[in-house]
1. Regarding residue 215, is this residue in contact with a strand residue (DSSP E or B) (Cβ under 9 Å, 6 or more places away or on another chain) and more than 30 Å from residue 121 (Cα to Cα)?
2. Only one of these conditions is not met by residue 79: (1) closer than 24 Å to residue 250 by Cβ; (2) at pLDDT 90 or above. Which number is it?
3. So if I check each of 274, 221, 254, which one is within 15 Å of the chain's Cα centre (by Cα) and over 16 Å from residue 173 (Cβ atoms)?
4. Residue 256 passes all but one of (1) farther than 30 Å from residue 320 by Cβ; (2) open to solvent by less than 10 Å² (accessible area, probe 1.4 Å); (3) aliphatic (A, V, I, L, M); which number fails?
5. What tally of residues in segment 64-109 results from selecting those that are in a loop (DSSP other than H, G, I, E, B) and closer than 27 Å to residue 187 by Cβ?
6. Taking segment 303-316 on its own, how many of its residues are open to solvent by 20 Å² or more (accessible area, probe 1.4 Å), of a type outside the set (Val, Ile, Thr) and in a helix (DSSP H, G or I)?
7. For segment 9-41, enumerate the residues that are within 23 Å of residue 76 (Cα to Cα), over 18 Å from the mean Cα position of the chain (by Cα), open to solvent by 20 Å² or more (accessible area, probe 1.4 Å) and not basic (Lys, Arg).
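The values are calculated or read from the model by the stated rules, or taken from the named source; none is laboratory data. Not measured: the values here are computed from a predicted model. Every residue, glycine as well, gets a Cβ built from its backbone with ideal geometry; the counts of neighbours run over all protein chains shown. Each accessible area value is taken on the protein alone, full model and side chains, heavy atoms only, with ligands, DNA and RNA left out. Shrake-Rupley method; radii C 1.70, N 1.55, O 1.52, S 1.80 Å.
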Amino acid sequence: VGALAAAEAPRYVTDATARRFYPLFHLFVFTMLLAVTTDDVGLMWVAVEGTTLASVFLVNFERTRASLEASYKYLLICSVGIALAFLGTVLVYFADIQLFGDEAHALRWTTLLRLAPGLPPRVIELAFVFLVVGYGTKAGLVPMHTWLPDAHSEAPAPVSALMSGVLLSVGIYAILRFKPVVDLATGPHFAGRILLAFGLLSMAVAALFLWRSLNFKRMLAYSSVEHIGIVCLGLGFGGAWGVTGAILHIANHALAKSVLFLLAGRIRAAYDSAEIASVRGLLGALPRTGGGFLTAMLALLGLPPFGLFTSEVLIFGAGFREGPAWAAALGLALLVLAFAGLLRATHTMLYGAPAAAPGSVAGDPGAVAPVALALALLVLTGLAWPPGLAAALERIAAIVAH
(Lines give C-alpha, C1' and ligand atoms only; values in the text may rest on other atoms or scores of the structure.)
Protein backbone atom coordinates (compact mmCIF):
# COMPACT_ATOMS: atom_id res chain seq x y z
CA VAL A 1 0.00 0.00 0.00
CA GLY A 2 2.94 2.30 0.69
CA ALA A 3 4.23 1.61 -2.81
CA LEU A 4 0.79 2.35 -4.31
CA ALA A 5 0.59 5.64 -2.41
CA ALA A 6 4.16 6.60 -3.34
CA ALA A 7 3.46 5.93 -7.03
CA GLU A 8 0.46 8.29 -6.87
CA ALA A 9 2.12 11.00 -4.76
CA PRO A 10 3.75 12.97 -7.65
CA ARG A 11 0.25 13.98 -8.81
CA TYR A 12 -0.19 15.96 -5.58
CA VAL A 13 3.34 17.20 -4.84
CA THR A 14 5.07 20.14 -6.51
CA ASP A 15 8.71 21.17 -6.27
CA ALA A 16 7.72 23.69 -3.62
CA THR A 17 5.88 21.18 -1.41
CA ALA A 18 8.09 18.09 -1.93
CA ARG A 19 10.34 18.93 1.04
CA ARG A 20 7.28 19.13 3.25
CA PHE A 21 5.53 16.02 1.94
CA TYR A 22 8.09 13.26 1.41
CA PRO A 23 9.90 13.30 4.81
CA LEU A 24 6.54 13.12 6.61
CA PHE A 25 5.28 10.47 4.20
CA HIS A 26 8.28 8.20 4.84
CA LEU A 27 8.16 8.87 8.58
CA PHE A 28 4.49 7.86 8.54
CA VAL A 29 5.31 4.58 6.78
CA PHE A 30 8.27 3.94 9.11
CA THR A 31 6.24 4.41 12.31
CA MET A 32 3.58 1.99 11.06
CA LEU A 33 6.24 -0.60 10.14
CA LEU A 34 7.86 -0.16 13.56
CA ALA A 35 4.53 -0.67 15.35
CA VAL A 36 3.99 -4.09 13.74
CA THR A 37 7.56 -5.41 13.96
CA THR A 38 8.63 -4.66 17.54
CA ASP A 39 8.26 -7.25 20.31
CA ASP A 40 7.94 -4.53 22.95
CA VAL A 41 4.36 -3.35 23.51
CA GLY A 42 5.68 -0.12 25.04
CA LEU A 43 7.67 0.67 21.92
CA MET A 44 4.59 -0.28 19.88
CA TRP A 45 2.67 2.40 21.79
CA VAL A 46 5.39 4.96 20.99
CA ALA A 47 5.25 3.99 17.30
CA VAL A 48 1.45 4.32 17.18
CA GLU A 49 1.73 7.77 18.76
CA GLY A 50 4.38 8.54 16.14
CA THR A 51 1.92 7.74 13.36
CA THR A 52 -0.33 10.52 14.66
CA LEU A 53 2.45 13.10 14.78
CA ALA A 54 3.68 12.20 11.30
CA SER A 55 0.28 12.09 9.61
CA VAL A 56 -1.42 15.11 11.21
CA PHE A 57 0.61 17.51 9.03
CA LEU A 58 -0.16 15.38 5.96
CA VAL A 59 -3.90 15.70 6.66
CA ASN A 60 -3.44 19.49 6.55
CA PHE A 61 -1.19 19.31 3.49
CA GLU A 62 -3.54 21.40 1.30
CA ARG A 63 -3.78 24.05 4.04
CA THR A 64 -7.44 24.83 3.59
CA ARG A 65 -9.80 25.74 6.42
CA ALA A 66 -11.49 22.32 6.22
CA SER A 67 -8.19 20.40 6.24
CA LEU A 68 -6.92 22.44 9.22
CA GLU A 69 -10.10 21.67 11.15
CA ALA A 70 -9.83 17.96 10.22
CA SER A 71 -6.19 17.79 11.34
CA TYR A 72 -6.93 19.43 14.70
CA LYS A 73 -9.83 17.07 15.28
CA TYR A 74 -7.64 14.11 14.33
CA LEU A 75 -4.82 15.23 16.64
CA LEU A 76 -7.03 15.90 19.65
CA ILE A 77 -9.19 12.76 19.48
CA CYS A 78 -6.32 10.38 18.68
CA SER A 79 -4.15 11.94 21.40
CA VAL A 80 -6.85 11.26 23.98
CA GLY A 81 -7.20 7.73 22.61
CA ILE A 82 -3.49 7.02 22.73
CA ALA A 83 -3.39 8.34 26.32
CA LEU A 84 -6.03 5.75 27.27
CA ALA A 85 -3.98 3.07 25.50
CA PHE A 86 -1.00 4.20 27.60
CA LEU A 87 -3.04 3.65 30.79
CA GLY A 88 -3.90 0.16 29.56
CA THR A 89 -0.24 -0.57 28.84
CA VAL A 90 0.76 0.68 32.32
CA LEU A 91 -1.83 -1.62 33.93
CA VAL A 92 -0.45 -4.58 31.97
CA TYR A 93 3.06 -3.61 33.12
CA PHE A 94 1.83 -3.36 36.72
CA ALA A 95 0.30 -6.86 36.55
CA ASP A 96 3.38 -8.28 34.86
CA ILE A 97 6.07 -6.70 37.05
CA GLN A 98 4.46 -8.06 40.21
CA LEU A 99 4.76 -11.59 38.84
CA PHE A 100 7.92 -11.39 36.76
CA GLY A 101 10.02 -8.76 38.52
CA ASP A 102 12.34 -8.07 35.56
CA GLU A 103 11.78 -4.51 34.38
CA ALA A 104 13.87 -4.93 31.21
CA HIS A 105 11.58 -7.56 29.71
CA ALA A 106 8.25 -6.86 31.44
CA LEU A 107 6.67 -5.32 28.35
CA ARG A 108 7.95 -7.87 25.85
CA TRP A 109 4.98 -9.45 24.13
CA THR A 110 6.62 -12.89 24.15
CA THR A 111 7.14 -12.55 27.92
CA LEU A 112 3.53 -11.47 28.47
CA LEU A 113 2.28 -14.41 26.46
CA ARG A 114 4.34 -16.87 28.50
CA LEU A 115 3.25 -15.43 31.86
CA ALA A 116 -0.37 -14.66 30.91
CA PRO A 117 -2.04 -17.61 32.74
CA GLY A 118 -0.68 -16.28 36.06
CA LEU A 119 -1.60 -12.60 35.58
CA PRO A 120 -4.39 -11.15 37.82
CA PRO A 121 -7.62 -11.37 35.76
CA ARG A 122 -9.32 -8.20 37.08
CA VAL A 123 -6.33 -5.98 36.33
CA ILE A 124 -5.97 -7.46 32.84
CA GLU A 125 -9.69 -7.01 32.14
CA LEU A 126 -9.50 -3.34 33.13
CA ALA A 127 -6.34 -2.90 31.06
CA PHE A 128 -7.99 -4.45 27.99
CA VAL A 129 -10.94 -2.05 28.20
CA PHE A 130 -8.52 0.91 28.17
CA LEU A 131 -6.54 -0.68 25.33
CA VAL A 132 -9.60 -1.33 23.15
CA VAL A 133 -10.94 2.20 23.63
CA GLY A 134 -7.47 3.71 23.13
CA TYR A 135 -6.24 1.77 20.13
CA GLY A 136 -9.84 1.52 18.89
CA THR A 137 -9.77 5.31 18.51
CA LYS A 138 -6.84 4.87 16.14
CA ALA A 139 -8.62 2.01 14.36
CA GLY A 140 -11.79 4.06 13.84
CA LEU A 141 -14.13 1.96 15.97
CA VAL A 142 -17.48 3.56 16.83
CA PRO A 143 -18.02 5.71 18.90
CA MET A 144 -14.35 6.85 18.80
CA HIS A 145 -14.42 7.22 14.99
CA THR A 146 -15.49 10.86 14.69
CA TRP A 147 -12.08 12.09 13.46
CA LEU A 148 -11.96 9.57 10.64
CA PRO A 149 -14.42 10.88 7.99
CA ASP A 150 -12.99 14.40 8.20
CA ALA A 151 -9.33 13.36 8.10
CA HIS A 152 -9.80 10.84 5.28
CA SER A 153 -11.82 13.23 3.15
CA GLU A 154 -9.45 16.21 3.53
CA ALA A 155 -6.08 14.45 3.23
CA PRO A 156 -4.45 14.03 -0.22
CA ALA A 157 -5.44 10.73 -1.84
CA PRO A 158 -2.11 8.91 -1.20
CA VAL A 159 -2.31 9.84 2.50
CA SER A 160 -5.97 8.75 2.67
CA ALA A 161 -4.96 5.42 1.11
CA LEU A 162 -2.28 4.89 3.77
CA MET A 163 -4.55 5.97 6.62
CA SER A 164 -7.49 3.83 5.59
CA GLY A 165 -5.53 0.87 4.28
CA VAL A 166 -2.77 0.63 6.88
CA LEU A 167 -3.18 3.03 9.83
CA LEU A 168 -6.57 1.64 10.91
CA SER A 169 -5.16 -1.88 10.63
CA VAL A 170 -2.23 -0.92 12.89
CA GLY A 171 -4.77 0.09 15.56
CA ILE A 172 -6.50 -3.29 15.24
CA TYR A 173 -3.11 -5.04 15.28
CA ALA A 174 -2.27 -3.38 18.61
CA ILE A 175 -5.50 -4.74 20.11
CA LEU A 176 -4.80 -8.13 18.54
CA ARG A 177 -1.39 -8.26 20.25
CA PHE A 178 -3.08 -8.15 23.66
CA LYS A 179 -6.02 -10.46 22.91
CA PRO A 180 -4.21 -13.82 23.45
CA VAL A 181 -2.74 -12.45 26.71
CA VAL A 182 -6.22 -11.46 27.91
CA ASP A 183 -7.70 -14.80 26.81
CA LEU A 184 -5.08 -16.74 28.78
CA ALA A 185 -5.46 -14.54 31.86
CA THR A 186 -9.26 -14.12 32.02
CA GLY A 187 -10.74 -16.92 29.91
CA PRO A 188 -11.75 -17.05 26.25
CA HIS A 189 -14.96 -14.98 26.34
CA PHE A 190 -14.19 -11.57 27.89
CA ALA A 191 -12.17 -10.08 25.02
CA GLY A 192 -14.41 -11.70 22.41
CA ARG A 193 -17.58 -10.12 23.78
CA ILE A 194 -16.03 -6.63 23.84
CA LEU A 195 -14.78 -6.98 20.25
CA LEU A 196 -18.17 -8.30 19.07
CA ALA A 197 -19.95 -5.32 20.66
CA PHE A 198 -17.62 -2.76 19.08
CA GLY A 199 -17.71 -4.62 15.75
CA LEU A 200 -21.50 -4.67 15.50
CA LEU A 201 -21.81 -1.05 16.66
CA SER A 202 -19.25 0.08 14.08
CA MET A 203 -21.01 -1.80 11.29
CA ALA A 204 -24.42 -0.40 12.28
CA VAL A 205 -23.32 3.25 12.40
CA ALA A 206 -21.27 2.94 9.20
CA ALA A 207 -24.15 1.29 7.32
CA LEU A 208 -26.49 4.15 8.27
CA PHE A 209 -24.02 6.84 7.21
CA LEU A 210 -23.28 5.04 3.92
CA TRP A 211 -26.92 5.67 2.99
CA ARG A 212 -26.60 9.39 3.79
CA SER A 213 -23.15 10.23 2.41
CA LEU A 214 -23.06 13.09 -0.11
CA ASN A 215 -19.25 13.10 -0.47
CA PHE A 216 -17.58 10.05 -2.03
CA LYS A 217 -14.36 10.38 0.02
CA ARG A 218 -16.41 10.48 3.22
CA MET A 219 -18.37 7.50 1.91
CA LEU A 220 -15.13 5.54 1.54
CA ALA A 221 -14.12 6.61 5.07
CA TYR A 222 -17.36 5.24 6.54
CA SER A 223 -16.81 2.07 4.54
CA SER A 224 -13.47 1.72 6.38
CA VAL A 225 -15.33 1.94 9.70
CA GLU A 226 -17.63 -0.85 8.48
CA HIS A 227 -14.76 -3.11 7.44
CA ILE A 228 -12.86 -2.57 10.70
CA GLY A 229 -16.11 -3.65 12.38
CA ILE A 230 -16.10 -6.83 10.28
CA VAL A 231 -12.50 -7.53 11.37
CA CYS A 232 -13.54 -7.10 15.02
CA LEU A 233 -16.36 -9.58 14.44
CA GLY A 234 -13.87 -12.14 13.15
CA LEU A 235 -11.61 -11.65 16.18
CA GLY A 236 -14.63 -11.72 18.49
CA PHE A 237 -15.94 -14.98 17.04
CA GLY A 238 -12.46 -16.44 17.43
CA GLY A 239 -11.39 -19.90 16.39
CA ALA A 240 -9.14 -20.66 13.46
CA TRP A 241 -11.74 -19.48 10.92
CA GLY A 242 -12.51 -16.18 12.66
CA VAL A 243 -8.88 -15.17 13.22
CA THR A 244 -7.77 -16.30 9.75
CA GLY A 245 -10.67 -14.43 8.15
CA ALA A 246 -9.96 -11.27 10.17
CA ILE A 247 -6.25 -11.17 9.27
CA LEU A 248 -6.97 -11.91 5.61
CA HIS A 249 -9.69 -9.25 5.61
CA ILE A 250 -7.21 -6.64 6.87
CA ALA A 251 -4.91 -7.34 3.91
CA ASN A 252 -7.72 -7.48 1.36
CA HIS A 253 -9.36 -4.31 2.64
CA ALA A 254 -6.01 -2.48 2.52
CA LEU A 255 -5.59 -3.30 -1.18
CA ALA A 256 -9.17 -2.49 -2.21
CA LYS A 257 -9.55 0.69 -0.17
CA SER A 258 -6.17 2.14 -1.14
CA VAL A 259 -7.05 1.69 -4.84
CA LEU A 260 -10.44 3.36 -4.30
CA PHE A 261 -8.94 6.36 -2.49
CA LEU A 262 -6.30 6.83 -5.18
CA LEU A 263 -8.95 6.70 -7.91
CA ALA A 264 -11.21 8.98 -5.85
CA GLY A 265 -8.38 11.53 -5.87
CA ARG A 266 -8.21 11.37 -9.65
CA ILE A 267 -11.99 11.74 -9.91
CA ARG A 268 -11.94 14.74 -7.58
CA ALA A 269 -9.20 16.37 -9.67
CA ALA A 270 -11.11 15.72 -12.91
CA TYR A 271 -14.50 16.97 -11.72
CA ASP A 272 -13.12 19.55 -9.25
CA SER A 273 -15.50 18.19 -6.63
CA ALA A 274 -15.79 15.34 -4.13
CA GLU A 275 -19.59 15.52 -4.08
CA ILE A 276 -21.42 12.46 -5.40
CA ALA A 277 -24.05 14.71 -7.03
CA SER A 278 -21.33 16.42 -9.12
CA VAL A 279 -20.00 13.18 -10.62
CA ARG A 280 -22.10 11.62 -13.37
CA GLY A 281 -21.27 9.41 -16.33
CA LEU A 282 -17.84 8.48 -14.98
CA LEU A 283 -17.58 5.32 -17.07
CA GLY A 284 -18.19 7.24 -20.28
CA ALA A 285 -16.10 10.32 -19.47
CA LEU A 286 -13.09 8.56 -17.91
CA PRO A 287 -13.29 4.89 -18.94
CA ARG A 288 -10.06 3.68 -17.30
CA THR A 289 -10.58 5.54 -14.03
CA GLY A 290 -14.28 4.64 -13.98
CA GLY A 291 -13.60 1.00 -14.83
CA GLY A 292 -10.96 0.74 -12.10
CA PHE A 293 -13.30 2.42 -9.60
CA LEU A 294 -16.10 -0.01 -10.46
CA THR A 295 -13.82 -3.06 -10.21
CA ALA A 296 -12.33 -1.97 -6.88
CA MET A 297 -15.80 -1.18 -5.53
CA LEU A 298 -17.04 -4.65 -6.50
CA ALA A 299 -14.03 -6.05 -4.65
CA LEU A 300 -14.81 -3.89 -1.60
CA LEU A 301 -18.43 -5.05 -1.65
CA GLY A 302 -17.17 -8.61 -1.16
CA LEU A 303 -18.22 -10.11 -4.47
CA PRO A 304 -16.39 -13.15 -5.86
CA PRO A 305 -13.77 -13.74 -7.21
CA PHE A 306 -12.12 -11.09 -5.01
CA GLY A 307 -10.38 -11.84 -1.72
CA LEU A 308 -12.86 -9.95 0.48
CA PHE A 309 -15.50 -12.54 -0.42
CA THR A 310 -13.22 -15.29 0.92
CA SER A 311 -12.39 -13.46 4.16
CA GLU A 312 -16.03 -12.53 4.82
CA VAL A 313 -17.14 -16.14 4.26
CA LEU A 314 -14.50 -17.26 6.79
CA ILE A 315 -15.58 -14.63 9.34
CA PHE A 316 -19.31 -15.27 9.16
CA GLY A 317 -18.70 -19.02 8.87
CA ALA A 318 -16.85 -18.72 12.20
CA GLY A 319 -19.81 -16.81 13.63
CA PHE A 320 -22.32 -19.54 12.81
CA ARG A 321 -19.81 -22.24 13.75
CA GLU A 322 -18.33 -20.82 16.99
CA GLY A 323 -21.23 -18.53 17.93
CA PRO A 324 -23.08 -16.55 18.94
CA ALA A 325 -25.16 -17.14 15.82
CA TRP A 326 -27.37 -14.09 16.44
CA ALA A 327 -24.33 -11.80 16.19
CA ALA A 328 -23.36 -13.39 12.88
CA ALA A 329 -26.92 -12.99 11.56
CA LEU A 330 -27.06 -9.34 12.66
CA GLY A 331 -23.65 -8.72 11.12
CA LEU A 332 -24.82 -10.18 7.81
CA ALA A 333 -27.91 -7.95 7.82
CA LEU A 334 -25.76 -4.86 8.45
CA LEU A 335 -23.38 -5.99 5.70
CA VAL A 336 -26.27 -6.13 3.22
CA LEU A 337 -27.43 -2.64 4.29
CA ALA A 338 -23.94 -1.22 3.77
CA PHE A 339 -23.65 -3.08 0.45
CA ALA A 340 -26.83 -1.43 -0.81
CA GLY A 341 -25.73 2.07 0.28
CA LEU A 342 -22.36 1.77 -1.44
CA LEU A 343 -23.91 0.30 -4.57
CA ARG A 344 -26.44 3.13 -4.84
CA ALA A 345 -23.76 5.83 -4.62
CA THR A 346 -21.48 3.99 -7.07
CA HIS A 347 -24.31 3.62 -9.60
CA THR A 348 -25.04 7.36 -9.33
CA MET A 349 -21.41 8.23 -10.11
CA LEU A 350 -20.78 5.74 -12.92
CA TYR A 351 -23.83 6.15 -15.11
CA GLY A 352 -25.97 8.89 -16.60
CA ALA A 353 -25.08 11.98 -18.60
CA PRO A 354 -22.01 13.84 -17.29
CA ALA A 355 -22.99 16.86 -15.18
CA ALA A 356 -20.07 18.80 -16.65
CA ALA A 357 -17.16 18.01 -18.93
CA PRO A 358 -14.43 16.63 -16.69
CA GLY A 359 -10.90 17.91 -16.94
CA SER A 360 -8.10 15.76 -18.20
CA VAL A 361 -6.87 13.10 -15.82
CA ALA A 362 -3.24 12.19 -16.42
CA GLY A 363 -3.44 9.57 -19.12
CA ASP A 364 -0.07 7.87 -19.04
CA PRO A 365 -0.50 4.08 -19.25
CA GLY A 366 1.91 3.56 -16.34
CA ALA A 367 -0.61 5.11 -13.96
CA VAL A 368 -2.87 2.10 -14.52
CA ALA A 369 -0.22 -0.47 -13.55
CA PRO A 370 -0.20 -0.06 -9.73
CA VAL A 371 -4.01 -0.17 -9.60
CA ALA A 372 -4.12 -3.24 -11.84
CA LEU A 373 -1.51 -4.99 -9.71
CA ALA A 374 -3.49 -4.42 -6.51
CA LEU A 375 -6.69 -5.70 -8.11
CA ALA A 376 -4.82 -8.76 -9.44
CA LEU A 377 -3.62 -9.51 -5.91
CA LEU A 378 -7.22 -9.29 -4.69
CA VAL A 379 -8.26 -11.84 -7.31
CA LEU A 380 -5.34 -14.05 -6.26
CA THR A 381 -6.36 -14.04 -2.58
CA GLY A 382 -9.90 -14.85 -3.68
CA LEU A 383 -9.13 -17.74 -6.03
CA ALA A 384 -5.79 -19.29 -5.06
CA TRP A 385 -3.70 -18.19 -2.11
CA PRO A 386 -0.06 -17.40 -2.90
CA PRO A 387 2.53 -19.87 -1.57
CA GLY A 388 3.20 -19.36 2.11
CA LEU A 389 0.02 -17.39 2.86
CA ALA A 390 -1.89 -20.37 4.28
CA ALA A 391 1.06 -21.35 6.50
CA ALA A 392 1.42 -17.78 7.80
CA LEU A 393 -2.30 -17.52 8.58
CA GLU A 394 -2.20 -20.88 10.38
CA ARG A 395 0.68 -19.70 12.58
CA ILE A 396 -1.19 -16.50 13.48
CA ALA A 397 -4.40 -18.42 14.24
CA ALA A 398 -2.47 -20.86 16.44
CA ILE A 399 -1.18 -17.96 18.57
CA VAL A 400 -4.35 -15.85 18.72
CA ALA A 401 -7.05 -18.53 18.74
CA HIS A 402 -5.24 -21.19 20.81
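1. Values: in contact with a strand residue (DSSP E or B) (Cβ under 9 Å, 6 or more places away or on another chain): yes; more than 30 Å from residue 121 (Cα to Cα): yes.
Here the answer is yes, as residue 215 does meet what is asked.
2. Only one criterion is unmet by residue 79, namely (1).
3. Working: 274 fails: within 15 Å of the chain's Cα centre (by Cα); 254 fails: over 16 Å from residue 173 (Cβ atoms).
Just a single option satisfies the conditions, and that option is 221.
4. (1)
5. Here the count works out to 5.
6. Looking only at that region, the number is 2.
7. Passing the criteria: 23, 24, 26, 27.
Listed here are the residues, each with its yes/no results for (1) modelled with pLDDT under 90; (2) out of contact with any helix residue (DSSP H, G or I) (no Cβ under 7 Å at 6 or more places or on another chain); (3) under 27 Å from residue 218 (Cα atoms); (4) among the aliphatic types (A, V, I, L, M).
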site: 101; (1), (2), (3), (4): yes, yes, no, no
site: 108; (1), (2), (3), (4): yes, yes, no, no
site: 115; (1), (2), (3), (4): yes, no, no, yes
site: 124; (1), (2), (3), (4): no, no, no, yes
site: 169; (1), (2), (3), (4): no, no, yes, no
